[in-house]
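Asks: Supplied in structure tokens, the structure appears directly below.
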Amino acid sequence: MSRTATAVAMVLALAAGSAEAQSTTLKYGSWGFDLAGRDQATKPGDDFFRYANGAWLDRTAIPGDKPGVSLRLLMSDLAEARLHGLVEEAAKTAGHEPRTLEGKVGAFYTSFMDEARIDALGAKPIAPELDAIRAAKTREALGALMGRTVRDFEGSAFNLGIDVDVKDISHYAVYLGQGGLGLPDRDYYLQPSFAEKKAAWQAYVEELLTLEGWPNPAANAAAIVALETKIAQASWTRAEQRNPDATYNPYTLAELEKAAPGFPWRGFLGEAGLGAPAKVVVVEKTALPKIAAIFAETPVDVLQAWLAFSVADNAAPYLSKSFTDAAFEMRQKGLSGQAEQQVRWKRGVHAVSGGDYGAGDRFDRFGNLGWAVGELYTAKYFPPTAKAKVQALVVDLKSAYAARIQKLDWMSPATKAEALKKLAAYNVKVGYPDKTRDYSGVVVLDDDLVGNVRRAAEADWAFYAKRSKGPVDRQDWLMTPQTNDAYNGSLIDIVFPAGILAPPIFDADADPAINYGAVGGVIGHELTHGFDDQGRKYDAQGRLRDWWSPADAKTFEARAKVFGAQYSTYEPVPGAHVNGDLTMGENIADLGGLTLGLDAYHASLRGKPAPVIDGLTGDQRVFLGWAQAWRGKVRDDAVRRQVVSDPHSPRQYRVNGPVRNIDAWYAAFGVKPGEALYVPPEKRVRIW
Ligand SMILES: [Zn+2]
């Protein structure tokens with residue numbers, strides 16, 4: 001992205017921070033921070049997260065239908081209300097088989113809301129899949145059916161995906177990985193602490209088999225969970241999966257068949273619509289042969305039952321009440337501690353628009369028509385001025401990062417040169433993609449929900465499969481515009497959808513220090529991912545090539561180790577510790593992001609002193625902006641699940657973890673030895 005005149009003007013406007021720049025449209029407080037949410041009885045040095053957010057945490061209850069509550073979730077509520085309005089409006093004009101984008105969105109939503117019809121149908125809508133499974137009487141045929149996992153409701157022992165080939169970055173590659181687990185992680189099958197969840201899972205498998213009329217549900221459920229347990233034993237851990245070198249293993253089809261015999265790879269890839277690709281990249285190299293062997297020794301009737309269960313499990317959100325209730329009890333309540341099921345219209349909005357609502361719905365990432373909804377959403381709610389303001393902040397953060405890299409005392413000049421080249425190459429995408437998705441061939445009927453899901457999934461996969469034959473699309477997005485999240489991608493890009501660019505992350509009218517702490521910290525977080533223990537393995541072109549000198553890597557790893565050891569001492573709920581290795585990349589990004597946000601704020605002052613507002617200095621407000629962005633809490637079950645499966649630390653450590661390693665925080669809040677978060681200067685971790 002180039003530094004345009006408009007972008008510079010926006011930076012200066014954000015830096016002004018004068019009284020007349022304040023506006024009454026602010027979401028939090030009179031300058032972007034909710035002062036009443038602080039707990040001034042807690043010393044910042046004892047628990048900064050609580051100091052910044054304690055009063056709000058004490059007076060805010062977690063709603064019964066949610067696993068947690070946070071300002072970020074409230075932001076999603078606003079987006080959800082807007083999306084609800086959009087789909088309701090679209091539904092009014094849809095008709096039976098509409099042709100327009102708005103009409104298709106409306107017809108899909110109508111089909112989801114027709115509960116009476118859906119309940120009357122029971123398991124009938126998935127009859128075609130179940131008939132095909134009954135007709136498949138050999139492992140050859142059943143393995144081939146698993147290939148349908150990419151475009152229909154079937155599960156699979158192996159994950160299949162198309163992504164940029166990291167060793168040939170102008171082309172796509174077919175990636176093949178371990179799969180087959182219904183529970184969130186292998187630990188759920190293998191660790192005694194999850195025994196209760198595993199038992200509940202077996203009961204759920206039995207219930208779904210019963211609901212769809214599959215024979216011997218109890219015996220089959222026991223056999224299915226035993227099968228998944230064997231696959232869990234063969235599977236890599238999440239920490240092992242984070243190594244980009246070990247997870248790139250190119251094979252020809254003949255090599256794959258030799259390395260992992262016992263599974264019908266050609267039938268599987270053919271049924272996925274990929275024909276016979278010249279090359280597949282195997283992710284978990286040692287796991288695949290083991291899972292193929294497990295497949296080969298499993299009785300045909302158990303494989304059939306397993307596939308039949310997976311179809312019901314994946315289709316459950318779109319089937320009758322018995323299915324949706326069973327899936328809710330297992331997935332949202334049992335695994336995330338959510339007490340109540342969301343009302344139907346909310347589920348309908350998510351089904352059409354996307355967004356993770358904890359249902360384990362495989363179609364929830366982009367929604368069934370997510371890009372269509374995104375087009376309608378941004379047309380109404382994300383003006384080009386907002387896009388320009390955020391682009392300006394990105395320019396500022398990149399300059400701050402470049403200055404830091406140049407000053408690093410531990411990085412060699414050669415490595416610094418590569419880092420600066422990569423930083424300059426970053427493509428920052430804001431708000432929405434420039435190219436829209438073509439939905440003209442997708443038939444949407446207002447009375448065929450499961451058919452709509454099937455056709456949308458088929459079209460979505462066809463889009464990626466067709467594109468995979470051409471050059472890499474460098475303008476691609478992996479999140480829809482309405483998504484409340486951001487990411488750092490393999491195209492040397494960072495992406496901030498319109499959905500995340502709202503308070504408390506970004507408020508165009510807030511005091512600049514708050515924005516630099518919040519969205520500045522988030523942008524900085526994403527930028528540093530390109531340079532951390534994983535990102536450094538990709539160069540400025542996105543090629544898998546470690547551009548660090550061994551000595552630089554050693555220093556970084558030594559510092560990261562000290563940092564990880566700090567996190568491993570954190571215990572959010574009794575007995576559940578943060579995993580310093582699993583969360584390493586995200587923790588380093590938090591420390592780097594907040595550091596860069598602060599630097600960029602200082603630079604934005606252009607030599608002038610920061611104003612004092614309500615007795616708070618500029619630096620104090622930057623740290624408070626970051627802390628407010630993480631304001632929230634989640635249920636204990638969700639925390640327990642998070643610490644084993646989520647590479648992000650629980651929210652209080654995303655605040656307390658980084659601040660105690662930043663000198664400016666000690667100066668800003670007068671933090672002293674003896675306070676709980678105090679780290680002596682020589683023990684503070686300095687990476688970026
Ligand atoms: Zn991250």
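Asks: Go over the candidates Thr528, Thr569, Thr595, Thr583 one by one and state the one that is surrounded by 21 or more Cβ atoms within 10 Å (Cβ to Cβ) and farther than 24 Å from Ala403 by Cβ. So that I can check it myself, show each step before the final result.
Replies: Details: Thr528 fails: farther than 24 Å from Ala403 by Cβ; Thr569 fails: surrounded by 21 or more Cβ atoms within 10 Å (Cβ to Cβ); Thr595 fails: farther than 24 Å from Ala403 by Cβ.
Testing whether each residue is surrounded by 21 or more Cβ atoms within 10 Å (Cβ to Cβ) and farther than 24 Å from Ala403 by Cβ leaves just Thr583.
Asks: Pick from Gly103, Gly147, Gly85: which is within 30 Å of the chain's Cα centre (by Cα) and surrounded by fewer than 16 Cβ atoms within 10 Å (Cβ to Cβ)?
Replies: After applying the criteria, what remains is Gly85.
Asks: Can you tell me which residue is nearest to Gln475 (Cα to Cα) among those in segment 180-190 that are without any contact (Cβ under 8 Å) to a residue 60 or more places away in the chain and surrounded by fewer than 20 Cβ atoms within 10 Å (Cβ to Cβ)?
Replies: From segment 180-190, those without any contact (Cβ under 8 Å) to a residue 60 or more places away in the chain are 181, 186, 188-190; that's our starting set.
The next check asks that each one be surrounded by fewer than 20 Cβ atoms within 10 Å (Cβ to Cβ); those that pass are 181, 190.
Values: Leu181: 33, Leu190: 41 Å.
Residue satisfying both the conditions and the ranking: Leu181.
Asks: Considering segment 482-500 alone, what residues qualify as being more than 15 Å from Gly535 (Cβ to Cβ) and more than 14 Å from the ligand (Cβ to nearest atom)?
Replies: Within segment 482-500, Gln482, Thr483, Asn484, Pro497, Ala498, Gly499 meet the criteria.
Asks: Next question. I need the full set of residues from segment 561-595 which are within 11 Å of the ligand (Cβ to nearest atom) and under 9 Å from Ser649 (Cβ atoms), in order please.
Replies: Matches in segment 561-595: Thr583, Glu586, Asn587, Asp590.
Asks: Search segment 543-558 for residues that are in a helix (DSSP H, G or I) and surrounded by 14 or more Cβ atoms within 10 Å (Cβ to Cβ) and pair each with any residue that is modelled with pLDDT of 90 or more and of a type in the set (Gly, Ala, Ser) when their beta-carbon atoms are under 6 Å apart and the residues are at least 6 apart or on different chains.
Replies: From segment 543-558, the pairs are Asp552/Ser412.
Asks: Here are some residues: Gln241, Gln304. Which one is touching a residue at least 40 places away in the same chain (Cβ under 8 Å) and either basic (Lys, Arg) or open to solvent by 50 Å² or more (accessible area, probe 1.4 Å) (or both)?
Replies: Gln241
Asks: Also, quick follow-up: State whether the residues of segment 488-506 include one that is of a type in the set (Phe, Trp, Tyr), in a loop (DSSP other than H, G, I, E, B) and closer than 24 Å to Ile687 by Cβ.
Replies: Taking every residue of segment 488-506 in turn, none turns out to be of a type in the set (Phe, Trp, Tyr), in a loop (DSSP other than H, G, I, E, B) and closer than 24 Å to Ile687 by Cβ.
Asks: I've got another one for you. Please state which of the following conditions Ala424 fails to meet, knowing it meets all the rest: (1) within 30 Å of the chain's Cα centre (by Cα); (2) surrounded by 14 or more Cβ atoms within 10 Å (Cβ to Cβ).
Replies: So Ala424 meets the others, but not (2).
Asks: If you check Val443 against the conditions, is it open to solvent by 50 Å² or more (accessible area, probe 1.4 Å), assigned to a loop (DSSP other than H, G, I, E, B) and among the aliphatic types (A, V, I, L, M)?
Replies: yes
Asks: If you don't mind, another one. Only one of Ser468, Ser440 is more than 16 Å from the ligand (Cβ to nearest atom), over 29 Å from Asp532 (Cα atoms) and hydroxyl-bearing (Ser, Thr, Tyr); which?
Replies: Only one candidate qualifies: Ser440.
Asks: Which residue, of Lys608, Lys672, is of a type in the set (D, E, K, R), more than 16 Å from the ligand (Cβ to nearest atom) and without any contact (Cβ under 8 Å) to a residue 40 or more places away in the chain? Please lay out each step first, then the result.
Replies: Values: Lys672 fails: without any contact (Cβ under 8 Å) to a residue 40 or more places away in the chain.
Matching residue, one of Lys608, Lys672: Lys608.
Asks: Next question, about the same structure. Anything in segment 531-542 that is more than 11 Å from the ligand (Cβ to nearest atom) and either on the phi < 0 side of the Ramachandran plot or crowded, with 24+ Cβ neighbours inside 10 Å (or both)? List them, or say none.
Replies: Within segment 531-542, the subset more than 11 Å from the ligand (Cβ to nearest atom) is 531, 533, 536-542.
Listed by number, the residues that qualify are Phe531, Asp533, Arg536, Lys537, Tyr538, Asp539, Ala540, Gln541.
Asks: Can you tell me which of (1) surrounded by fewer than 23 Cβ atoms within 10 Å (Cβ to Cβ); (2) within 16 Å of the ligand (Cβ to nearest atom) is the one Ala603 doesn't meet?
Replies: (2)
The values are calculated or read from the model by the stated rules, or taken from the named source; none is laboratory data. Treat the numbers as computed from the prediction; the structure is a model and nothing was measured. Reconstructed Cβ throughout: ideal geometry from the backbone, glycine too, with neighbour counts over all protein chains shown. The protein model used for the area step is the full one, side chains on, heavy atoms only, and it has no ligands, DNA or RNA in it. Shrake-Rupley method; radii C 1.70, N 1.55, O 1.52, S 1.80 Å.
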